[in-house]
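Below is one structure; the comments refer to it alone.
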DNA sequence: CATGAATGAGAATTCATTCAT
DNA sequence: CATGAATGAATTCTCATTCAT
């Protein structure tokens, strides 16, 4: 609950109890057509989040200055506090807003999809929707700041990891039942499916400038190897 | 332009030129038996590095306070500065001192080792020497702080990644030549060999408390799948 | 080489280039009547400068703590940094803001003023506008800190000393041409005109409590002696 | 007594009562020929003082680091404390050891020396023994640090200024009595005699690199003007 | 005597957060 | 709502002084 990292936070008085990482109250907008006021407000909120992603992923949580976020969002420093309780809340919201839509795609996969097709969809989703977008940075932020914000890791586990692994396991189970594959490797370790994707994300951030990586090719190779093994063919 | 008086600045400037990430001058100790002085000095240096690893990996570079490192090492704040120029140098030394011995094992593998055996050695090395030790935290630190310390990533790439991938590629090449395997997948993407290891490291730090991971089993499964594919057998 | 993360360093570096001692950009206030905001800002700036003069001249540059300056100015420590980049800049601005108006008076003297009248004006200016004001402390600060801040001495030489000596020399030259005096002593060593003034400033700071000095009388005596010599009369 | 400047001194515990600026107990060496031990000790003491003069006059009291003094003297940091109680005592001794011999020459002047000759001797003494030696730096140090070390100014006033002005006044009085001069200007303001010398010292430190100053010529001009006035001749 | 490693009080500077305008 | 000036806690790094060797 209390973040491990944020040194300066001791000062923070009022917020102590509130769980920053809990889902926010989703200010319902109601009215069919949004009023201009609400629209502007939403736009501003989005601008702040976008700026925050830039800054947080470039510098990490502690080293990011809200003044830079504000400048990048084209607003004043104090304005951030009209939209987010504090720095940590802003960070939490940023992560959350990228998380939610993530798993939907995976879970939406029809249960009887052939495993190979599912895996290819899965990988494609990863490459297109994560590796190919700013979400790549969100993933890195989770890796980077996770250990210091236990809540962050927990939310991410609950909302993404658990659901995604469950989905994968279910699909694999069906594939086994249908006789598509015999190995239960992926059911026991669904992590093996994404591992190369993770490596790609990190490689990009750390080593791409020394040695570029053809991610698409690597992922294809990965899938090919995986299914050659699972199905017992020669690749 | 630069004032003569401002001590602090003169120093800062002087340091700016030094490359903190370059290999240090390795104070040779000389005499067969270490004097007590030198011994204590070395012990203290080690204590500081150990404490620094604890703190840096718990909080990251920016959020770590040298005062905490000192307290954990059982020394005074100022003492750190007798051993390391500044916070960044301490960090650099910490990373470096864990890096150097890493690759030796991999490169030492006989060129004609059957690939499967090499891979198993490799994985074992990873699990025992990295995953099973504090080096796991060093890996995480590199991932975490790398993007903010270009030198860190560069040194790590040069000293570890490049050499390790080269070694893997060489071994794979020999295996292909000997007809052990036909696929050049691992030669093109040696990353696929370690990917699950990386996932393990991160999983441990982020999600183990929600869902433990049997790393040894996962790595075994990974190797089995991989070679089933490479060799064209059914796993 | 320079780490990307370390904010502090990036800034320091950035500042290194800026010449603290160069004339500042003089934020133009614009609108005929100052807004309350701007007024308060200017007042605060002035308060900081006043407090800084007190502290710097009591303790010198290095020994002065910005916290004391802040307290004396009735503001918080951090506020100083809203008005001045750092301690050195504050010091530079302090000196400069006292310097600029100084020479104007001397240079404004009509070229054909009889030398004696000019000298008396000059001395009066010195006694009233320097010795009799806080500028006395500024002079002392220049003497005290000058050798350690080459820029300080340079700016002071360029903006004050050079212009003042040039003015004196010009006037002396005219006086010689007009036959008022024959000696070119003052033209060669204009320093002789102010020397006693300097002594007065230093005496005041160091020995006045042991033996007071009637500065006005001394300066009058000085002028009388000088002109008795230059004009060849008996004093 | 308590120095104004030395911030860190609050820590100093034991010394509180001792008057650092009082004359030291002059360890009498006794024995006709100094023992080697005592000789080495004296040499070391002198080396420290010499190094201290370099450092103090280059950086001022507060900014000078004893470690630099030690390095320059070719000894270890701790050794300084075997010869001087603390930083302030070292500073006091440094000033004192340069002061004592200073006035002797002036006071030794025969009472009936013609004033003009005395003045020329005086000036010569100043130029040769102060301006031309490291004592110039001591003078600057007194000016610089005097206001922060009330004791320093007091000792200097008592040991030098008072005695020197008294000597000058006595000589001038005799000159008047003998009818050499009629003006009592120098008796009232003996400062006028040295004023240009002081300017020379400061000019050298601050502006010489922009505009060199022929000190000898200036002092000669000064004396010529002065006596032309005092004696009522045309220069 | 001499050394230099160790200590820890400080001081400059930064930045999250507040709040008057 | 929005602003940005003001605050002051927190953190890095320095250096006088001590003391075991």
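By the gyration tensor of its Cα atoms, with a ≥ b ≥ c the square roots of the eigenvalues, what is the shape of segment D:120-170: rounded for a/c under 1.5, prolate for a/b over b/c, or oblate?
Cα axes put segment D:120-170 in the oblate bin.
At 7 angstrom along the Cα-to-beta-carbon line, where would the label on residue A:178 sit relative to the other copies? Give the distances in nm, shortest first.
Here the equivalent label points are 4.1, 11.2, 12.7 nm apart from this one.
With a 10 Å Cβ neighbour count serving as the proxy for reagent exposure, in which order, fewest first, do A:180, B:88 appear? Provide the component values of the computation, followed by the final result.
Details: A:180 15, B:88 21.
Listing A:180, B:88 from fewest to most nearby Cβ atoms yields A:180, B:88.
For the protein assembly as shown, just the Cα set please: Rg and Dmax, both in angstrom.
39.1, 133
Explain nothing, just the number: relative contact order of segment C:92-231, from Cα pairs under 8 Å at least 6 residues apart, as a whole percent.
31
Divide by every residue of chain C the summed helix terms, -39500 (n - 2.57) for each DSSP H run of at least 4, and state the resulting mean residue ellipticity at 222 nm, rounded to the nearest 500 deg cm²/dmol.
After summing the helix terms and dividing by the residues of chain C, the value is -20500 deg cm²/dmol.
Within a 10 angstrom radius of the beta carbon, how do A:189, B:210, D:84 rank from fewest other beta carbons to most?
Sorted ascending by nearby Cβ count, the order is B:210, D:84, A:189.
Given 10 Å bins starting at zero, what is the percent of C-alpha pairs of segment D:93-231 in each, up to the one with the largest pair distance?
11, 41, 34, 13, 1
Over every pair of different alpha-carbon atoms in chain A, take the mean of 1/r and invert it; report that Kirkwood radius in Å.
On the way: mean 1/r = 0.0502 Å⁻¹.
Roughly 19.9 Å, rounded to one decimal.
Find the relative contact order for segment A:162-235 and round it to a whole percent, using C-alpha pairs within less than 8 Å whose residues are 6+ positions apart.
It rounds to 26 percent for segment A:162-235.
For segment B:151-235, what class follows from the C-alpha gyration tensor (a ≥ b ≥ c being the square roots of its eigenvalues): rounded when a/c is under 1.5, otherwise prolate if a/b is larger than b/c, else oblate?
oblate
In degrees from 0 to 90, rounded to the nearest 10, what is the angle of the helix A:135-145 Cα long axis to the longest principal axis of chain A?
Between helix and principal axis, roughly 70 degrees.
What is the Å³ per residue value for the convex hull set by the Cα atoms of segment A:74-137?
Dividing the Cα hull volume of segment A:74-137 by its residue count gives 97 Å³.
Taking N as the number of residues in segment C:34-84, what value does Rg over Cα atoms divided by 2.2 N^0.38 Å take?
The value comes to 1.15.
Suppose each label sits 7 Å from its Cα in the direction of the beta carbon; what would the residue D:124-residue D:158 distance come out to in nanometres?
Roughly 3.3 nm, to one decimal.
Whole Å is fine, so just give me how far the alpha carbon centre of segment C:44-84 lies from that of segment C:85-107.
With segment C:44-84 and segment C:85-107 each reduced to a Cα centre, they are spaced 15 Å.
For a Förster distance of 60 Å, can you work out the FRET efficiency between the beta-carbons of residue D:213 and residue B:188, rounded to the nearest 0.05?
0.20
Which distances, shortest first and in nm, link residue C:72 to the matching position in the other copies, using label points set 7 Å out along Cα to C-beta?
Here the equivalent label points are 2.9, 4.1, 4.3 nm apart from this one.
List the distances, in nm and shortest first, from the label point of residue C:58 to the matching label points in every other copy, placing each point 7 Å from Cα along the Cα-to-Cβ direction.
Spacings between copies for this position, smallest first, are 3.2, 4.3, 4.3 nm.
Taking only C-alpha pairs under 8 Å that are 6+ residues apart, what is the relative contact order of chain D in percent?
21
Among C:100, A:172, what is the fewest-to-most ranking by other Cβ atoms within 10 Å?
Listing C:100, A:172 from fewest to most nearby Cβ atoms yields C:100, A:172.
Need one number: the % of Cα-Cα pairs in segment C:31-131 sitting beyond the 19 Å mark.
In whole percent, the long-distance tail amounts to 55.
Any read-out appearing in this document is the output of simple, stated calculations on the displayed coordinates, not a laboratory observation. Everything numeric here is computed off the predicted structure, so don't read it as measured data. Quick reminder, even Gly has a Cβ in these numbers, built from the backbone with ideal geometry, and neighbours come from all protein chains shown.
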